[in-house]
Amino acid sequence: MSGIAGIIHFDGAPVLPGLIEKMTSAMAYRARMASNHWVRGSVALGQCMLRTTPESLEETQPLANEDESLVLVMDGRVDNWEELRRDLRARGAVLRSRSDAELVLRAYETWGATACPISTATSRW
């Protein structure tokens, strides 16, 4: 299981430099493969990656779409990935890798929070 860390300042205050890195370093035992971070203004995300599937070898998280309007960190698996890839491509989604994280990001980007077929209550804050 990967380790996930996040910071959000609802008052808009910037995340202090190095803070998300301190959080992921506290979970270093989970980061056998990689530890990555994404920081923009008042939001920071981090992941300590434990690669458990062949598809996870292709992913780096946190994962953002092209304009960084959506950023995702997850520890999960998509079982119906072939069907989902077909459907997303038919709707014009550009998939850069075979990773499950990108499928979740693109599904959310395509259908939104209420209609995304793989959204869960935990992904809606």
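Can you tell me which of Thr24, Thr114, Thr60 moves the most in a GNM of the chain? Springs connect C-alpha atoms under 10 Å apart. Among Thr24, Thr114, Thr60, the largest GNM mean-square fluctuation belongs to Thr114.
Karplus-derived 3J(HN,Hα) values for segment 63-69, using 6.51 cos²θ - 1.76 cosθ + 1.60 with θ = phi - 60°, are 10, 10, 6, 4, 9, 6, 7 Hz; glycine and proline are entered as x. Phi-derived couplings, Karplus 6.51 cos²θ - 1.76 cosθ + 1.60 at θ = phi - 60°, listed residue by residue for segment 97-108: 8, 9, 5, 5, 4, 5, 4, 5, 4, 5, 5, 5 Hz, with x used for Gly and Pro. For segment 1-81, the fraction of 1.4 Å probe accessible surface lying on carbon and sulfur atoms is 56 percent. Loop sites by DSSP among the GluC sites (Glu not before Pro) of the chain, restricted to those with at most 11 other Cβ atoms within 10 angstrom, leave 1-65 as the longest stretch without any of them. The chymotrypsin sites (Phe, Trp or Tyr not before Pro) of segment 1-53 meeting both criteria, a DSSP state outside H, G, I, E and B (loop) and at most 15 other C-beta atoms within 10 angstrom of the site's C-beta, are Phe10. Using bins of 10 Å that start at zero, the share of Cα-Cα pairs per bin across the chain amounts to 12, 42, 35, 11, 0, in whole %. Model label points for Asp87 and Arg51, set 7 angstrom from Cα along the Cα-to-Cβ axis, are 2.9 nm apart.
Please state the shape class of segment 33-100: rounded when a/c is under 1.5, otherwise prolate if a/b exceeds b/c and oblate if not, all from the C-alpha gyration tensor. Oblate. Seen against the Cα atoms of the chain and their longest principal axis, helix 81-90 is set at about 80 degrees.
From its DSSP helices (H runs of at least four residues, each -39,500 (n - 2.57)), the chain gives a residue-normalised ellipticity at 222 nm of -8000 deg cm²/dmol.
Taking every protein chain into account, the accessible area of the chain amounts to 60 square angstrom per residue (probe 1.4 Å).
The values are calculated or read from the model by the stated rules, or taken from the named source; none is laboratory data. For clarity, every value in this text was computed on a predicted model and none was experimentally measured. Note: ideal-geometry Cβ built from the backbone for every residue, glycine included; neighbour counts use all protein chains shown. All accessible areas refer to the heavy atoms of the entire protein, side chains included, with ligands and DNA or RNA removed. Shrake-Rupley method; radii C 1.70, N 1.55, O 1.52, S 1.80 Å.
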